[in-house]
Amino acid sequence: MDSFINHDASSISENSHLRHLVFVEDWYRNMKDNSGTAFFTWLKDQRNVLVLIGDRSFQSSVYGSYCYNGSQYQLLPSENRVVLEHIATASQEYRTMLNEMGELKSLLDKAPLFMILFVAATLLKDRDKHTDIDLNDGVLTAFQKIIANKILVLEKDEHHHGLGKAIYLLAKIYASEKMSYTLFPEDFFLKTASIMGENEYLVERIEMEGYPDEVNALISKKTVSLKKNVDLNVIQFNHDVIAEQGIVYANFHKKELSKALSFDKYGLKKLFDAIAVNTSPIGVIMLWLWLHTEWELAMGENAIEQLLKVLQIGAPNVTGGVFNAILLALPTQDLRKRVCQFILEQQDYYTLQPGIVSTALINAGTKEAKKAAETILSQTDFLTLPQGIVSTALKKANAETATTAAETILSQTNFFTLPQGIVSAALKKANAETATT
């Protein structure tokens, strides 16, 4: 949200002749403090923007007061029956299972649709592996026990030992109210599993054979692009509730897991030290953030130096979203400035992810931001840089450098074909200079 306000919002405001539809997904996750003050302060002056918010409840008085005509639509679990009736037509087996679950109407109506289908599909396929499941206990309990059984299978399997612990760790990070990033690098996941399970050949085995069914039921793998020609394999939970309402309760349903899934600060600190080198920096940073927020490890000088070392090595492969998460976790403005200034001190910092560079320019000290902005605009090919970087640099550079850059932009043949953010910032700077003179 901070990144949107700092960059995209201005582009929308400057193009009031265009209509914009803005989606805010999972408000509860992305705006944990339920404030949204900056967003709604901006929004109330926009006549060309419609916002659609998805949330778990209507508890936020902030966005509630902005709803058009009281437009709040609650999707109730009781509406699942219509969907389930349609799904039941797929096969007689599904019809039988859903009928069995449907007899427990008061329990079924309280469960999310995904949870119902997860339980139904699992019991249809492997009921003999889940003999401890009693639907009379409710769909949620069945859901949690099924997941606990999968984690237990992984921990008992010598070939895959460690995967269950790593999945549990990732679920705890994911479910933390103090965290907001939802993708985990695959190498971070596998190295964590190998270390926690003392399973030396785990990574090689997974590369050759793939993940076992128990893992695939809980997480999925995909490839995301960090920047041009740089891709990253990541894993994500197949649904929020798998992590937040399932995996994190595994040790409550299986006593055999209570020791395996018990973490302490010392053990987690050793894990961090072991993966801090030669592991995707995104995963390392997420673990660092979790340890220093959820586990409240002190953010002293040693901790900050650890963070800066990770950034120094891995900044080219860190996303703007992760960098924003770092700044949100740091307790003081001075620390946020220090980290931003550190980014601007890196060689060729303007080639980093646009969100990182723009955020660093905005949050660094005035002197450091101005110097960095002037370096950006002095590049002979600055027009080829991402528009977020160029437009922010135009705002932060001294008047002379910014005006010269704006003139360079507007003197280009067909300058209006350049990225909208760059042209808009150049015109604004040129107009401001004209008004001054």
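Here are a few things to note about the model shown:
- Condition check for K165: open to solvent by less than 40 Å² (accessible area, probe 1.4 Å), closer than 30 Å to R56 by Cβ and either touching a Pro at 6+ places or on another chain (Cβ under 7 Å) or basic (K, R) (or both): yes
- Cβ-Cβ under 9 Å pairs, at least 6 apart or on other chains, region 394-405 side of a type in the set (K, R), far side surrounded by fewer than 19 Cβ atoms within 10 Å (Cβ to Cβ): K395/I362; K395/K428; K396/I362; K396/T366; K396/K370; K396/E374
- Checked against the criterion of being in contact with a Ser or Thr (Cβ under 9 Å, 6 or more places away or on another chain), open to solvent by less than 20 Å² (accessible area, probe 1.4 Å) and assigned to a helix (DSSP H, G or I), the candidates I146, I116 yield just one match: I146.
- Residue selected from region 176-199 under the condition modelled with pLDDT of 95 or more and in contact with a Ser or Thr (Cβ under 7 Å, 6 or more places away or on another chain), by the criterion farthest from M31 (Cα to Cα): K191
- Scan of region 227-237 for residues that are touching a strand residue (DSSP E or B) at 6+ places or on another chain (Cβ under 6 Å) and surrounded by fewer than 16 Cβ atoms within 10 Å (Cβ to Cβ), ordered by number: D231, N233
- Selected residue (only one of V230, V277 is touching a Pro at 6+ places or on another chain (Cβ under 9 Å) and among the β-branched types (V, I, T)): V230
- Positions within region 210-241 being part of a helix (DSSP H, G or I), in contact with a helix residue (DSSP H, G or I) (Cβ under 7 Å, 6 or more places away or on another chain) and not acidic (D, E), in sequence order: V215, V241
- Yes/no for T380 being among the polar types (S, T, N, Q), open to solvent by 40 Å² or more (accessible area, probe 1.4 Å) and modelled with pLDDT of 95 or more: no
- Residue check, E207 more than 30 Å from I116 (Cβ to Cβ) and either assigned to a helix (DSSP H, G or I) or open to solvent by less than 40 Å² (accessible area, probe 1.4 Å) (or both): yes
- The residues on offer are L297, L308, L289, L327, and the sole one that is surrounded by 22 or more Cβ atoms within 10 Å (Cβ to Cβ) and either of a type in the set (V, I, T) or touching a helix residue (DSSP H, G or I) at 6+ places or on another chain (Cβ under 6 Å) (or both) is L289.
- Of the criteria (1) hydroxyl-bearing (S, T, Y); (2) part of a helix (DSSP H, G or I); (3) in contact with a helix residue (DSSP H, G or I) (Cβ under 6 Å, 6 or more places away or on another chain), which one Y266 fails: (3)
- Picking from residues in region 33-80 that are open to solvent by 80 Å² or more (accessible area, probe 1.4 Å) and under 26 Å from L113 (Cα atoms), the one that is modelled with the highest pLDDT is L52.
- Members of region 385-423 that are surrounded by fewer than 19 Cβ atoms within 10 Å (Cβ to Cβ) and under 20 Å from I12 (Cα atoms): K395, F415, F416, T417, L418, P419, Q420
- Candidate set from region 179-204 (those that are crowded, with 16+ Cβ neighbours inside 10 Å and in a loop (DSSP other than H, G, I, E, B)); member that is farthest from the chain's Cα centre (by Cα): N199
- Unmet criterion (only one of (1) touching a residue at least 60 places away in the same chain (Cβ under 8 Å); (2) surrounded by fewer than 22 Cβ atoms within 10 Å (Cβ to Cβ)) for E158: (1)
- Condition met for K367 (in a helix (DSSP H, G or I), in contact with a helix residue (DSSP H, G or I) (Cβ under 8 Å, 6 or more places away or on another chain) and surrounded by fewer than 18 Cβ atoms within 10 Å (Cβ to Cβ)): no
- Residue check for V339: more than 18 Å from K228 (Cβ to Cβ), in contact with a Pro (Cβ under 6 Å, 6 or more places away or on another chain), in a helix (DSSP H, G or I) and without any contact (Cβ under 8 Å) to a residue 60 or more places away in the chain: no
The values are calculated or read from the model by the stated rules, or taken from the named source; none is laboratory data. Everything numeric in this text was worked out from a predicted model, so none of it was measured. Virtual Cβ from ideal backbone geometry, glycine too; neighbours counted across all protein chains shown. We work out accessible area using only protein heavy atoms, side chains counted, and drop any ligands, DNA or RNA first. Shrake-Rupley method; radii C 1.70, N 1.55, O 1.52, S 1.80 Å.
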